[in-house]
1. If you scan the stretch B:4-48, which residues turn out to be out of contact with any helix residue (DSSP H, G or I) (no Cβ under 6 Å at 6 or more places or on another chain), closer than 19 Å to A:Val53 by Cβ and surrounded by 14 or more Cβ atoms within 10 Å (Cβ to Cβ)?
2. What are the pairs with Cβ atoms under 6 angstrom where one residue, in the stretch A:96-114, is at the interface with another protein chain (Cβ under 7 Å from one of its Cβ atoms) and the other, located anywhere, is modelled with pLDDT of 90 or more and not in a helix (DSSP H, G or I)? Sequence gap at least six, or different chains.
3. May I ask you to list the residues in the stretch B:64-87 that are β-branched (Val, Ile, Thr) and under 10 Å from B:Asn19 (Cα atoms)?
4. Consider B:Ile114 against the criteria (1) of a type outside the set (Phe, Trp, Tyr); (2) surrounded by fewer than 17 Cβ atoms within 10 Å (Cβ to Cβ); (3) modelled with pLDDT of 90 or more: it satisfies all of them except one. Which criterion is unmet?
5. For the stretch A:78-92, how many residues are more than 7 Å from chain B (Cβ to nearest Cβ) and surrounded by 18 or more Cβ atoms within 10 Å (Cβ to Cβ)?
6. B:Asp67 is checked against (1) in contact (Cβ under 8 Å) with a residue 24 or more places away in the chain; (2) surrounded by fewer than 14 Cβ atoms within 10 Å (Cβ to Cβ) and fails just one. What number does that condition carry?
7. Among the listed residues A:Met27, A:Met51, which satisfies the condition of being more than 17 Å from B:Leu135 (Cα to Cα) and either within 12 Å of another protein chain (Cβ to nearest Cβ) or at pLDDT 90 or above (or both)?
8. Could you tell me how many of the residues in the stretch A:30-48 are assigned to a helix (DSSP H, G or I) and either at the interface with chain B (Cβ under 9 Å from one of its Cβ atoms) or surrounded by fewer than 20 Cβ atoms within 10 Å (Cβ to Cβ) (or both)?
Amino acid sequence: MTWWSLILILVWLGTFVAGQLFFKRAMESSGVAGFRNRQTISILSAGILLMTVSFFLNLGLLQRFDLSYLYPFQGLSVIIITLMAAVILKEKLTLRLTLGTLLITAGVVLVSMS
Amino acid sequence: MTNNRPSGFANPWFQLGLNIICVVLYELLLKAGAKATADPSKSWSWIGITGLASPLIWLAIVVIILDLVIWLYVLKYIPLSIAFPLSRLVDVLVPISCWLILKEGISSLRWCGIALVIIGLAIVAKPAARLEERL
């Protein structure tokens, strides 16, 4: 595992999570303002762009690594969501979230060494 | 919630199972397509666009879109904080499929790491889904 591949993995997961959240916002916006609304369209386009970037990065990584190596890293996307919630919603992390986050991180570290 | 739940093929729990099958299927298709088109000697190949030369990747894209529709349908009937933890069954099925179908050599160190990730995800899935609903 090089620093370069670690960065690419994090960008892959980061764009995926961000894309999902944009899709969700676009659905909410379409419910309020409709699908032809300019704001809905721009949020949806941003989501599609982020998802596309994430998709191709995933392909590039799969061309180099085993699926059983890359797949566990997707656990980090849950951690990204949890941390975003802590920052954006000012949500305190519960003991359960902290414990799970530590286990996922430890697991990913082991996989990255394998 | 329990009222008006469609039965048979439209049953949301059946569709959730279908979603899990789709995820495992497209992960395997993406890996197979990526393997067929891999050419790490080109420095720009990190962006993965060469993968589009494989029909398996296009098949995977179809399954991904199908899966997205299924998932949105599931979420109409089952709350994310229940559907998301159950959908994490894929985290068990994908490594097993890598081992059985793709014949990837998985060391005991990697199995241990995978196990820790699965246990961690099982613990956080429900509260994390609640947070995601609010984000």
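The values are calculated or read from the model by the stated rules, or taken from the named source; none is laboratory data. Every value quoted in this text rests on a predicted model; they were computed, and no experiment measured them. We place every Cβ from the backbone using ideal geometry, glycine too, and count neighbours over all the protein chains shown.
1. B:Ser45
2. As it stands, the answer is A:Ser114/B:Ser107, since those pairs meet every condition given.
3. Once the filter is applied, which keeps residues that are β-branched (Val, Ile, Thr) and under 10 Å from B:Asn19 (Cα atoms), the stretch B:64-87 yields B:Ile64, B:Val69, B:Ile70, B:Val74.
4. All conditions are met except number (2).
5. Qualifying residue count for the region: 1.
6. Of the numbered conditions (1) in contact (Cβ under 8 Å) with a residue 24 or more places away in the chain; (2) surrounded by fewer than 14 Cβ atoms within 10 Å (Cβ to Cβ), the odd one out for B:Asp67 is (2).
7. Result of the check over A:Met27, A:Met51: A:Met51.
8. Final tally of qualifying residues: 12.
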